[in-house]
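For reference, the structure discussed in these notes is given below.
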Amino acid sequence: MTTVKILALAAIVVISSGAQAQESKVQSMLLRSVTVTCKLEESIAFYRDILGQEVMEDGIQSTEGAMRFLDTNPASKVRFVIMRGSGVYPGGEIIGGRVAFMGIEDPKAPACKDVAKLKNQRGVQGSEIHPHRVANIDEIAKRAKAKGVEILFGPKVSGTRLSRNMMMYDPNGRIVEVFEVNITKVPE
């Protein structure tokens, strides 16, 4: 009887020390990037019509709950939209994040009142560049130009000659980089 108790206690000690080792390991993976926007429909159209994304989730949020982290008011309607891309790329499948929006559908909300003054900006402290691996970058450039999107550069061959890149602005003034990876170097 005493032997069984000692073995059981030893098993608990081993399990506990294994759990402690796992707790000390920190891991992180970005699941999605969320943009707060007062231009929700324009944002959806940009990512759908130019980058080929599709809406996978679209729901109304509790305004009271959203007010904890959004500069809005009780009369505002808040939607949470998640979009995703798909495709087969040279070099294999990519596991990546999603594009998401917290859309404030109230032009009188505090978060929206200065949005008309905002312009596309070159990167500054705290701004982000949203990279997207794509197939058929030339078609994306054609779509962007047809919609009047401001293109910063490209498509152009990267310095390593292993990709072609392009940067442009989304409707929220965020810089979106698209790049098409090649298995072999692009010829000079």
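Quick grid of which residues meet (1) β-branched (V, I, T); (2) at pLDDT below 95; (3) under 24 Å from T35 (Cβ atoms); (4) surrounded by 16 or more Cβ atoms within 10 Å (Cβ to Cβ):
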site: G123; (1), (2), (3), (4): no, yes, yes, no
site: A141; (1), (2), (3), (4): no, no, yes, yes
site: A144; (1), (2), (3), (4): no, no, yes, yes
site: V149; (1), (2), (3), (4): yes, no, yes, yes
site: V157; (1), (2), (3), (4): yes, yes, no, yes
site: S163; (1), (2), (3), (4): no, yes, no, yes
site: E188; (1), (2), (3), (4): no, yes, no, no
Filtering segment 61-87 for residues that are among the polar types (S, T, N, Q) and touching a Phe, Trp or Tyr at 6+ places or on another chain (Cβ under 6 Å) leaves a count of 1
Counting only residues in segment 16-57 that are loosely packed, with under 14 Cβ neighbours inside 10 Å and in a loop (DSSP other than H, G, I, E, B), the one modelled with the lowest pLDDT is identified as M29
What do you reckon, is F153 surrounded by 13 or more Cβ atoms within 10 Å (Cβ to Cβ) and at pLDDT 85 or above? no
Scan (1) over 22 Å from G97 (Cα atoms); (2) surrounded by fewer than 18 Cβ atoms within 10 Å (Cβ to Cβ); (3) more than 20 Å from the chain's Cα centre (by Cα) for the single condition A109 breaks and write down its number. (2)
Run G103 past the list (1) free of Cβ contacts under 8 Å to residues at least 60 places away in the same chain; (2) within 18 Å of T35 (Cβ to Cβ); (3) in a strand (DSSP E or B) and report the number of the one that doesn't hold. (1)
Collect the residues in segment 81-98 that are crowded, with 16+ Cβ neighbours inside 10 Å and either modelled with pLDDT of 90 or more or at positive phi (or both), keeping them in residue-number order. V81, I82, M83
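The values are calculated or read from the model by the stated rules, or taken from the named source; none is laboratory data. Small disclaimer: the values here were computed from a predicted structure and weren't measured. Neighbour counts are summed over all protein chains in view; Cβ atoms, including those assigned to glycine, are modelled from backbone coordinates with ideal geometry.
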